[in-house]
Amino acid sequence: MTDQGNLRSLLQAQLSGQSLARPFYTDPGLYQADLDNIWYREWIFAAPLAELPKAGSYVTFQLGGYPVLVVRGGDGEIRAFHNTCRHRGSRICPKESGQATKLVCPYHQWTYDTNGQLLWARDMGPDFDMSSHGLQPVHCASAGGMVYVCVARNAPDFAPLREAADRYAAPHRPDELKVAHQSRIIERGNWKLVMENNRECYHCAGSHPGLCRTFLDDPDLFGSGDSQGSALGAAHVERCEAAGLPSRYLAPEDELWRLVRIPLVGETVSYTMDGKPAAPLLPGMPFANAGTLLFYHYPNTWNHYLSDHVLNFRVMPVSATETEVTTSWLVHKDAVEGRDYDLTRLTEVWIATNDEDRRVVQENQLGINSPAYMPGPYSQRQEGGVIQFVDWYVRSMLRGISGPARVAAE
Ligand code: 3BY
Ligand code: FES
Ligand code: FE
């Protein structure tokens, strides 16, 4: 069902403003097409910079079929490699994260330095060339305190994102943050359902009692396009910009990513049950009631930069109907748990929100699995962000299948 001709007809038959046809959410062949045409071409959020604080800090993850390793070298540079040994291919780092001075393959102990060079391989004979058996590099870059990778041979231009995200995130001091907590959950739903759900708050009043204490359920603030449609949003942007906080809606033409700072409910300042701060004010922030800097980047991340902490969300596809969501809570590195912040207070709202979202996504998937499912209309008012995401997805897939043969690194 998913040869290129069929896929093209399915994509072309897709009506803007309606949810996708069932195979887009259920079919393993289409899942593979998503990997080939989106996940193996775009920049993918891998880890917060704060997770790689010193030389030898590393993080590993599975990007579709590719095990990937991100490591900070002795020179301080962060690099990414395919996590597959140049001997017989074993994964080199089986752990999800850690600290290493050298990368030793667990199978036959071939040993690489943190720059990916092969340092040692036992009994390979006099003609063996160490220098041509280094780890295979993966494109790696950071923006706004977030490390991204791209497994394509030619990665898309990262410069516009880096410039924008670095500038907007700077007052939150992304290179002075530490990971206070991380959670990893599996949602039994297609990755697009996870992203669609995040791009609207039509479901928020019904699902997120904790989050709604502080997050404004107003589609004009965070949907598609400029948030200046909301007078509250416009006033917030003006006040923050005047205090030196980059806040104005900013996105490239295709809205592959979007930055905008929006207010929270009333006098609340953070995602806590009482709306009061969860951690000390980040040192670059002029005031506490700066709301949240919203930043998403397709296909796999949305983020909140608050005045006292930063939340990074990483979405990774696992199968046609399973998606991993990793959440990182970041606070200033000098803040001490128990003295300056309480972990429960810091994390309880989004732990609950993630779980509530997991449930709605799973129910969404179960209903779509029904042969009776038909694409339904999005609310133009409430689901502009979903329409924009789905349109982006259809365009990206069409571009992918009509472009040159797949260029992902072998
Ligand atoms: O995380 C977000 O971006 C918000 C929270 C609820 C829905 N979404 C618009
Ligand atoms: Fe890595 Fe043999 S597979 S040392
Ligand atoms: Fe939600």
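The values are calculated or read from the model by the stated rules, or taken from the named source; none is laboratory data. All values reported here derive from a predicted model rather than from experimental measurement. Quick reminder, even Gly has a Cβ in these numbers, built from the backbone with ideal geometry, and neighbours come from all protein chains shown. Areas reflect the complete protein model, heavy atoms only, side chains present, ligands, DNA and RNA absent. Shrake-Rupley method; radii C 1.70, N 1.55, O 1.52, S 1.80 Å.
Tabulated data for the structure shown
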read-out	value
Those residues of the stretch 3-19 which are part of a loop (DSSP other than H, G, I, E, B) and more than 19 Å from Ser402 (Cβ to Cβ), in sequence order	Leu15, Gly17, Ser19
Conditions (1) more than 18 Å from the chain's Cα centre (by Cα); (2) part of a helix (DSSP H, G or I); number of the one not met by Pro371	(2)
Residue in the stretch 29-43 that is free of Cβ contacts under 8 Å to residues at least 24 places away in the same chain, open to solvent by 50 Å² or more (accessible area, probe 1.4 Å) and not in a loop (DSSP other than H, G, I, E, B) present	no
Residues located in the stretch 207-224, provided they are more than 12 Å from ligand 3 (Cβ to nearest atom) and either free of Cβ contacts under 8 Å to residues at least 60 places away in the same chain or of a type in the set (Lys, Arg) (or both)	Arg213, Leu216, Asp218, Asp220, Leu221
Only listed residue being more than 19 Å from Ala164 (Cβ to Cβ), surrounded by fewer than 16 Cβ atoms within 10 Å (Cβ to Cβ) and not polar (S, T, N, Q), chosen from Asp274, Asp218	Asp274
Hits in the stretch 339-361 - residues which are within 13 Å of ligand 3 (Cβ to nearest atom) and either of a type in the set (S, T, N, Q) or in contact with a Lys or Arg (Cβ under 6 Å, 6 or more places away or on another chain) (or both)	Thr353, Asn354
Breaking point among (1) surrounded by fewer than 17 Cβ atoms within 10 Å (Cβ to Cβ); (2) farther than 27 Å from Val149 by Cβ; (3) polar (S, T, N, Q), for Ser307	(1)
Answer residue from the stretch 327-338, given it is assigned to a strand (DSSP E or B) and more than 16 Å from ligand 3 (Cβ to nearest atom) and is nearest to Ala50 (Cα to Cα) among those	Leu330
Tally, over the stretch 223-254, of residues that are open to solvent by less than 20 Å² (accessible area, probe 1.4 Å) and either touching an Asp or Glu at 6+ places or on another chain (Cβ under 9 Å) or among the acidic types (Asp, Glu) (or both)	5
Selected residue (only one of Pro67, Pro94, Pro106 is closer than 30 Å to Ala159 by Cα, within 16 Å of ligand 2 (Cβ to nearest atom) and open to solvent by 10 Å² or more (accessible area, probe 1.4 Å))	Pro67
